[in-house]
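Trainee: Input: one structure, supplied below.
The values are calculated or read from the model by the stated rules, or taken from the named source; none is laboratory data. The structure presented is a predicted model; accordingly, all values stated were derived computationally and were not measured. Here Cβ is always computed from backbone atoms with ideal geometry, including for glycine, and neighbour counts include all displayed protein chains. Surface areas here come from the heavy atoms of the whole protein model, side chains and all, with no ligands, DNA or RNA. Shrake-Rupley method; radii C 1.70, N 1.55, O 1.52, S 1.80 Å.
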Amino acid sequence: MIEVLAKLGRGPVFLAGEVLECVITFTNPLSASSTSASSEMLAWASAQIHCQFHASENRVSLPPSDGSKHDVQAENETVFVPNRGERGQCILSTPPKILFCDLRLDPGESKSYSYCETLPVDGPPSFRGQSVKYVYKLTIGCQRVNSPIKLLRVPFRVLVLHGLKDYQFPQDEAVAPSNPFLEEEEGLKKDSRLADLATELLMVATSRRSLHLYNISNTRGKVGTFCIFKTVYKIGEDVIGTFNFSEGDIPCLQFSVSLQTEESIQEEFQRRRGQPVSFTVHARHQESCLHTAQSSFSLPIPLSSTPGFTTNVVSLKWRLHFEFVTSGESAGTCLVRGNQSEAVTWTGVEQMEVDTFSWDLPIKVLPTNPILASYVSQFSNTNSITI
């Protein structure tokens with residue numbers, strides 16, 4: 001028996017273009033009940049990253065697979081196929097890397113191997129929607145002599161930030177700060193600089209503030225104004241907005257604001273022409289606001305959510321969805337006076353004519369620092385199997 005443990009060094013969330021590093025440890029454990037422990041032998045082990053694409057058959061007409069040629073050897077259990085037994089299509093994969101050949105482990109002995117691979121920048125982000133899913137996994141294949149291959153799958157999350165792909169690092173490294181007492185691998189140095197660059201780009205894009213004022217009105221007149229200071233956010237931030245109903249001609253009885261994503265399938269892959277898009281609500285604020293001059297809301301963008309993106313199959317966009325309930329009468333008729341003689345009591349009317357209308361405001365949601373997103377990730381840093 002051999003235990004295989006895979007551990008992601010930094011966490012289970014990465015930016016496309018970063019280097020994923022995983023330490024894989026093979027151990028021949030000592031059994032307390034065993035009196036005659038023996039050496040264990042593995043023929044080979046290999047690792048590969050792949051992205052699996054899943055689609056709802058009711059909503060998506062699957063695109064033709066790139067692997068049109070049928071590989072006869074793929075059916076053989078002694079051939080390393082990382083996505084063996086998984087649903088959907090493998091739309092992206094890195095070249096497989098051999099970790100070792102002919103490994104012998106004595107009782108209690110363990111050996112570790114480091115796997116490093118740059119995540120492709122042209123792939124989709126990790127996404128679990130109502131119509132499609134993009135799932136990334138690192139698959140480690142191990143085989144004993146004359147035995148089927150055992151697969152250890154390590155799921156992780158990929159965030160895509162557009163603009164990093166076209167950035168060219170300066171060739172002159174002399175201007176970059178360095179520590180002469182530390183030996184740093186070139187790949188890790190570039191990876192660190194890539195993460196720093198992404199953080200800087202995100203900070204610049206989401207820190208720009210300018211006043212955006214919108215008039216809220218229906219067919220009968222003005223209800224109020226809405227104010228928001230920016231429309232570009234990172235996941236993990238709060239969307240904050242304010243209302244001013246004091247200048248409105250039409251009383252607003254109630255409003256609600258929903259933070260939503262709009263998942264739409266590209267026309268050529270739709271199962272039915274003109275099929276509706278899918279909406280997902282991530283946060284919602286509702287408030288009764290009769291005789292309220294000003295109000296506000298704060299909606300958090302979950303760190304576990306997917307920033308907006310577009311592929312050849314699906315498009316994901318973010319928006320604020322507003323719903324307003326307004327009175328069909330003047331503000332003074334919304335209250336009635338009681339018949340008490342000693343004191344005046346004002347109560348709400350039992351019936352009232354109301355109008356409802358909605359409004360959508362598109363916003364842009366970008367990724368965040370992958371280390372921050374790792375804190376709320378559903379994936380574990382470590383995965384293991386026994387073979």
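Trainee: Calculate, for the stretch 231-280, the solvent-accessible area per residue in square angstrom, rolling a 1.4 angstrom probe over the heavy atoms of the protein chains. Show your work: numbers first, answer last.
Mentor: Values: 2340 Å² over 50 residues.
Here the residues of the stretch 231-280 average 47 Å² of exposed surface.
Trainee: In nanometres, what is the gap between the two model label sites at residue 218 and residue 232, each 7 Å from Cα along Cα-to-Cβ?
Mentor: 3.6
Trainee: For 282, 50, 321, give me the order by solvent-accessible area with a 1.4 Å probe, most accessible first, ignoring ligands, DNA and RNA. Walk me through the numbers before you get to the answer.
Mentor: Values: 282 65, 50 0, 321 25 Å².
Sorted by accessible area, descending: 282, 321, 50.
Trainee: If you place +1 on the Cβ of every Lys and Arg and -1 on the Cβ of every Asp and Glu, how big does the dipole about the Cα centre of the stretch 81-166 come out, in debye to the nearest 20?
Mentor: Magnitude of the dipole: close to 340 debye.
Trainee: Taking a threshold of 32 Å on the Cα-Cα distance, which of the pairs 7/133; 111/133; 97/133 fall above it? Please list the in-between numbers first.
Mentor: Numbers: 7/133 24 Å; 111/133 36 Å; 97/133 26 Å.
Check vs 32 Å cut-off fails for 111/133.
Trainee: Still on this structure, I have one more. Roughly speaking, what is the centre-to-centre gap between the stretch 282-307 and the stretch 85-123 when only Cα atoms are used, to the nearest Å?
Mentor: Cα centroid to Cα centroid, the span is 44 Å.
Trainee: Starting at the first residue of the stretch 280-293, write each ³J(HN,Hα) from the Karplus equation 6.51 cos²θ - 1.76 cosθ + 1.60 with θ = phi - 60°, in whole Hz, x for Gly and Pro.
Mentor: Ordered by residue, 3J(HN,Hα) equals 10, 8, 9, 7, 8, 10, 10, 8, 8, 9, 4, 6, 9, 6 Hz.
Trainee: Using r as the Cβ-Cβ distance of residue 130 and residue 357, and R0 as 22 Å, what FRET efficiency do you calculate, to the nearest 0.05?
Mentor: For R0 = 22 Å, the calculated efficiency reads 0.25.
Trainee: Would you kindly derive the ³J(HN,Hα) couplings of the stretch 207-215 from the backbone phi angles with the Karplus curve 6.51 cos²θ - 1.76 cosθ + 1.60 (θ = phi - 60°), listing them in order in whole Hz, with x for Gly and Pro?
Mentor: Working through the residues one at a time gives 8, 6, 10, 8, 6, 10, 10, 10, 7 Hz.
Trainee: While we're on this one: Computed FRET efficiency, Cβ-Cβ of residue 56 and residue 162, R0 25 Å: what is it to the nearest 0.05?
Mentor: Between residue 56 and residue 162 the formula returns 0.45.
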